[in-house]
1. Collect the residues in the stretch 365-404 that are in contact with a Leu (Cβ under 6 Å, 6 or more places away or on another chain), outside any strand (DSSP E or B) and farther than 17 Å from residue 484 by Cβ, keeping them in residue-number order.
2. Find the strands (runs of 3 or more DSSP E) located wholly in the stretch 179-289 whose residues include 1 or more that are open to solvent by 60 Å² or more (accessible area, probe 1.4 Å) and under 30 Å from residue 307 (Cβ atoms), and list them.
3. Among the residues of the stretch 407-424, which ones are small (Gly, Ala, Ser), surrounded by fewer than 17 Cβ atoms within 10 Å (Cβ to Cβ) and either touching a strand residue (DSSP E or B) at 6+ places or on another chain (Cβ under 6 Å) or in a loop (DSSP other than H, G, I, E, B) (or both)?
4. Which pairs do you get when a residue that is in a loop (DSSP other than H, G, I, E, B), found in the stretch 443-467, comes within reach of a residue that is of a type in the set (Lys, Arg), reach meaning Cβ atoms under 8 angstrom, with the pair 6+ apart or on two chains?
5. Condition first: farther than 18 Å from residue 460 by Cβ and in contact (Cβ under 8 Å) with a residue 12 or more places away in the chain. Now tell me which residues in the stretch 399-412 satisfy that.
6. Scan the stretch 473-530 for residues that are in a helix (DSSP H, G or I), touching a Ser or Thr at 6+ places or on another chain (Cβ under 9 Å) and of a type outside the set (Val, Ile, Thr) and jot them down.
7. Quick one: would you say residue 404 is over 50 Å from the mean Cα position of the chain (by Cα) and within 30 Å of residue 291 (Cα to Cα)?
8. May I ask you to list the residues in the stretch 335-356 that are at pLDDT below 95 and of a type in the set (Val, Ile, Thr)?
Amino acid sequence: MSSTTDTPPGATEERDLGAAGAQLSTAPAEETAQPVPGSFGGVRAPGRRGAVAWWGREITGWLRWMWRQLTSMRVALFLLFLLSLAAIPGSLIPQTSVDRVKVADWQKAHSSITPLYERLGLFHVYSSPWFSAIYILLFTSLAGCIVPRSWQFVGQLRSKPPAAPRNLTRLPAYATWRTDAAPEKVLQSAQRVLRGRRFRTQIVGTAVASEKGFLREAGNLLFHIALFGLLVSFGVGQLWKAEGGKLIVEGDGFSNTLTQYDDFSPGTFYGAKDLNPFGFTLDGFTASYARSGSDKGTPRTFRANIHYWNGTNGTEHKSSIEVNKPLDIEGSKVYLIGHGYAPVVTVKDGQGNVVYQGPVAFLPQDSNLTSVGVVKVPDAKAKNGTKDQFGFTGIFTPTFALNNTQGPHSSFPALDYPALILTAYHGDLGLDSGIAQNVYQLDTTHMKQFKDAKGNIVSKAMKPGETLTLPNGAGSLTFEGVKTWASFQISHQAATGWALASVVTMILGLIGSLFIQRRRVWIRTTVGRDGVTVVELAGLGRSESARIADELGDLVDVLASQTAPPVAEPEPAAESEPDLGQAKPEQAKPEQAKPEQAEPEQAEPEQANPEQANPEQAQPESDDEGARA
């Protein structure tokens, strides 16, 4: 069995001749692979294997590019700004996780735009897919920023200060003077002084290199780590979160079980079975208001007086709940949300039986607590004994007032002149249909209003103690008095302590990154031509600041007073040694300070000596002069 393969012309000959044959042809090798412009794959080799390799490089290149963009500081700041914008609808639009009743009222008032808002998830912003996507991208971006910067910062901490530059006079802060102290003694003293000021130092050759201000980068890094921790705390809090609402009338209580809630929203990993066993009773509600002035009717005191217990057999404790002062029980917090009034009524049917007795919560509609509500009586009987159902709807005013513009309303939120205005219905309340109803609204679809013998609608404004009598002996309703009610939000959220610690850490890190300056100082000593030690100090800050010049001045004062006292400048060499005047003009140029080095804040009067402008260049010239002499 034999097989044949296609061999390019000349390939057999080159293979037979080996290295010698490979150099016989001077024709350029044919480039069979072609680069694809604008791609990460580069040169694409022929064949299926080349295509697979090219696509692998292309996909890997795009993934690396996207990761670099996502983890850049620019994108992280953009995502943080986008997250803050995304949270705005959650503050302006009612959220189902906070108040379902308010959401239903808003949807009823804005029926045309409600379908669009529902598709966009604006009634549950913080659990919507688009908000979660922004949150996860920001989380990933911060993680990608923090990890490489942390390693870079660790490398900076382990590194030593860089050596002094050749020409210190070019730095923004510079000082120099002459002293009789030995160069080694000046360097050792300078290193000791710098270490006393918490500089990291090392001696490199004839100079001390020092560096300070690493807490600036540490503060910057701490800020980002704390922001990352805040996002983690927020995510953990949402996963292990549960909250619900409860309206409690004065004298009633609450037990932390699912059936006791008016509405309940469990978290992903926290549900009804995880609820802590506690409860409380509303003993009363204290409210006071401003009676005069421009702020008349403004609340002064809102306090719910309660007694609570923790555990199935826990001891009762008296306490109070105020706005922004919640009750904290075993990781759950009870917040005071609202306050209102509950008229106490007694309803009798046509048989004279009491079919309902107790308080009914009315919901406030304005700041003066003009409230609306309904009374539903499903178990009444007519005078002839047939089954009937009653419904009453109307307004409660703590301080009754009447005018042509507003009609009956309240002029003050306190119980100065309470009144209850009701209209009566009878028929089918719709409670047996199986469809959920709002307890604060009356469905009159299958009901009729009571009318008197003249055909007028039966309604009455009642003070406490008065009675609304239904026509034809159908029954009555008596306004017995008024109780207060308070609404509470019971919330359990994990990692709140982590979130608080992260915020505090963010503030501390931001302070460090703003007010700490990264700076370097170099001190060099050289021996001049006359044997006197020349000391040079120079400083460089990461950002332009006058503090580096002030700090350099303090170092000059300390060194000059302790170790290296300055000495007088020598007479000009040109006057005392005229034979040196034969030096060529271009040989004196390195000793002359450039104009930009003579700025007042960088050079003191003694810096005008050309011998000190550049000690490293002055020394070789002294040797040349000795040779010429």
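1. Selection gives nothing.
2. 278-289
3. 414 - this is the single residue of the stretch 407-424 that is small (Gly, Ala, Ser), surrounded by fewer than 17 Cβ atoms within 10 Å (Cβ to Cβ) and either touching a strand residue (DSSP E or B) at 6+ places or on another chain (Cβ under 6 Å) or in a loop (DSSP other than H, G, I, E, B) (or both).
4. 458/451; 466/460
5. Across the stretch 399-412, the qualifying residues are 399, 411, 412.
6. Listed by number, the residues that qualify are 497, 498, 499, 500, 501, 502.
7. yes
8. 337
The values are calculated or read from the model by the stated rules, or taken from the named source; none is laboratory data. The structure presented is a predicted model; accordingly, all values stated were derived computationally and were not measured. Methodologically, a virtual Cβ is constructed for each residue, glycine included, from the backbone with ideal geometry; neighbour enumeration extends over all protein chains shown. Remember, those area values only see protein heavy atoms, side chains included, never the ligands or the DNA or RNA. Shrake-Rupley method; radii C 1.70, N 1.55, O 1.52, S 1.80 Å.
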